[in-house]
Amino acid sequence: MKIIEGFNKAQEALQRGKVSAAAGNVATEELVREIISQVRLNGDSALRDYTERFDGVRPAALEVDKAEIKRAYQETKKELREALEFAARRIKAFHSEQKKTLVQDGKSKKLCWIFRPLEKVAVYAPGFQAPLPSTVLMTAIPAKVAGVTEIILATPPGKDGKVSPVTLAAAAIAGVDRIFMVGGAQAIAALAYGTESVPKVDKIYGPGNIYVTLAKKLVYGDVGIDGLYGPSEVVVIADESASPPYCAADLLAQAEHGSGATAILITTSSKLADEVNKEIETQLKDLPRKNTVEEALEKRGFIGIVESVDKAIELANAYAPEHLCLVVADAASYIDKVKNTGCLFIGENSIEALVDYSAGPSHVLPTAGTARFSSGLNITDFIKLINVVSLNEKDIQELGGVTSTIAKAEGLDAHARAVEMRLQAKPRS
């Protein structure tokens, strides 16, 4: 990896381009618009046509039979099934704790909130080069904990014309209600508007390729979406106390996501920078996805050397990475200084890969700098907060005068009158 010395040069290297996570070229966006239009017009027929065109198979049935789901779960190797179930328990426990912080008693307070789960949602699990059962767990389980009534999974078929059995097993474990074998922009269109087979949902969740991301962007407003996700990214902040092999391993793990992935080390130690570079070369040798990793590191990876941990955090806050790892002495003391990231990892034992699979928080996180204004997927994405107001005549006397004054200043005399009528009325016995 190239080494960049100095705060200003590192800051320049961290400048994000003007291309957002949902920015495809004009031809790509026009194709996505056409796909959405055809799905709205022709329903299931369009889904079959596009699945044949993009995935090489023409499914007779779009929905996966429940017997097939059950069989896939039962036939999954014990070790993998138990690993998925263990991860599911951790994800459920984490989001259940979050749910506790939201509950209020709407009957005993004048001003409060209540929450209502969404009724029908869809989670999207990409295919990429391999099935991603972890994404099913990370999206469907928070929905389940939030109390969503019905969870739909959409995922593309494999080369054999079927959904991967491990994806089906993960869906069974996560409590998914229905599964549809359709991917890409056509899946997003079907979920947004409904077809003969695929139900229309209230909100769509999950990452995908540029076609999926553009489709989510284009259907937003007719249906809710969780966010627009780009390639994965990590910033590791490390000092002389960090382990070079561990730092290298974490950077390589991130680069393994693909050529668009970003893996950056910002350190206060020139010695560590050199040692991490050597470790990367050593560890790369036996990686099956070596070419992919090398391409990512070449295109979007670097090591920056700055004068202090505070300066490194300043750079990270401006960049707003998906993952931020603090591998420095007394790492917890810097938590309050971190402002922008999808997930924060404290110390060398808080391995980013653990959150990808089994720690508990969802691995669906904001990318492309959107951590400046958005959060990782959590149960608040699956609920609506409803404000509750329950006031009495004493409250009217306290609030009425200022309300009337402000309403008249805005030229809204009917608002003022609605309050003044109560102020002037005799108290009810």
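The values are calculated or read from the model by the stated rules, or taken from the named source; none is laboratory data. Computed from a prediction, not measured in an experiment: that's the story for all the values here. Don't worry about glycine lacking a Cβ; one is built from the backbone with ideal geometry, like all the others, and counts go over all protein chains shown.
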Condition met for residue 57 (surrounded by 12 or more Cβ atoms within 10 Å (Cβ to Cβ), within 30 Å of residue 260 (Cα to Cα), in contact with a helix residue (DSSP H, G or I) (Cβ under 6 Å, 6 or more places away or on another chain) and touching a residue at least 60 places away in the same chain (Cβ under 8 Å)): no
Residues of region 342-358 satisfying the condition of being within 17 Å of residue 375 (Cα to Cα) and touching a Phe, Trp or Tyr at 6+ places or on another chain (Cβ under 9 Å): 352, 355
Spans of strands (runs of 3 or more DSSP E) in region 49-156 with at least 2 residues β-branched (Val, Ile, Thr) and within 29 Å of residue 220 (Cα to Cα): 120-124, 150-155
Residue satisfying all of: in region 110-135; crowded, with 20+ Cβ neighbours inside 10 Å and in contact with a Ser or Thr (Cβ under 6 Å, 6 or more places away or on another chain); nearest to residue 188 (Cα to Cα) among these: 123
So residue 144, is it assigned by TED's automatic domain parsing to the domain that holds residue 194, among the charged types (D, E, K, R) and within 18 Å of the chain's Cα centre (by Cα): yes
Residue 167 within 17 Å of the chain's Cα centre (by Cα) and buried (at least 19 other Cβ atoms within 10 Å of the Cβ): no
Condition check for residue 339: at negative phi, basic (Lys, Arg) and part of a helix (DSSP H, G or I): no
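Quick one: is residue 399 in a loop (DSSP other than H, G, I, E, B) and either in contact with a strand residue (DSSP E or B) (Cβ under 6 Å, 6 or more places away or on another chain) or not hydroxyl-bearing (Ser, Thr, Tyr) (or both)?
Working: in a loop (DSSP other than H, G, I, E, B): no; either in contact with a strand residue (DSSP E or B) (Cβ under 6 Å, 6 or more places away or on another chain) or not hydroxyl-bearing (Ser, Thr, Tyr) (or both): yes.
No, not satisfied.
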Count - residues of region 196-237 that are in a strand (DSSP E or B) and among the basic types (Lys, Arg): 1
Residues being modelled with pLDDT under 95 and of a type in the set (S, T, N, Q) - total across region 190-210: 1
Subset of region 278-314 (residues that are in contact (Cβ under 8 Å) with a residue 40 or more places away in the chain, in a loop (DSSP other than H, G, I, E, B) and within 30 Å of the chain's Cα centre (by Cα)): 301
Pair list, Cβ < 7 Å and 6+ apart or interchain, from region 373-400 residues that are closer than 30 Å to residue 94 by Cβ to residues that are loosely packed, with under 12 Cβ neighbours inside 10 Å: 383/116; 384/116; 386/116
Conditions (1) surrounded by fewer than 16 Cβ atoms within 10 Å (Cβ to Cβ); (2) within 24 Å of residue 231 (Cβ to Cβ); number of the one not met by residue 276: (1)
Members of region 39-54 that are surrounded by fewer than 18 Cβ atoms within 10 Å (Cβ to Cβ) and without any contact (Cβ under 8 Å) to a residue 24 or more places away in the chain: 41, 42, 45, 49, 52, 53
Those residues of region 381-429 which are modelled with pLDDT of 95 or more and hydroxyl-bearing (Ser, Thr, Tyr), in sequence order: 403, 404, 405
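Have a look at 356, 413 and point out the one that is within 44 Å of the chain's Cα centre (by Cα) and acidic (Asp, Glu).
On the way: 413 fails: within 44 Å of the chain's Cα centre (by Cα).
Exactly one residue qualifies, and that residue is 356.
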Condition check for residue 373: surrounded by fewer than 18 Cβ atoms within 10 Å (Cβ to Cβ), among the aromatic types (Phe, Trp, Tyr) and out of contact with any Cys (no Cβ under 7 Å at 6 or more places or on another chain): yes
Identity of the residue in region 200-228, farther than 21 Å from residue 119 by Cα and surrounded by fewer than 24 Cβ atoms within 10 Å (Cβ to Cβ), that ends up nearest to the chain's Cα centre (by Cα): 228
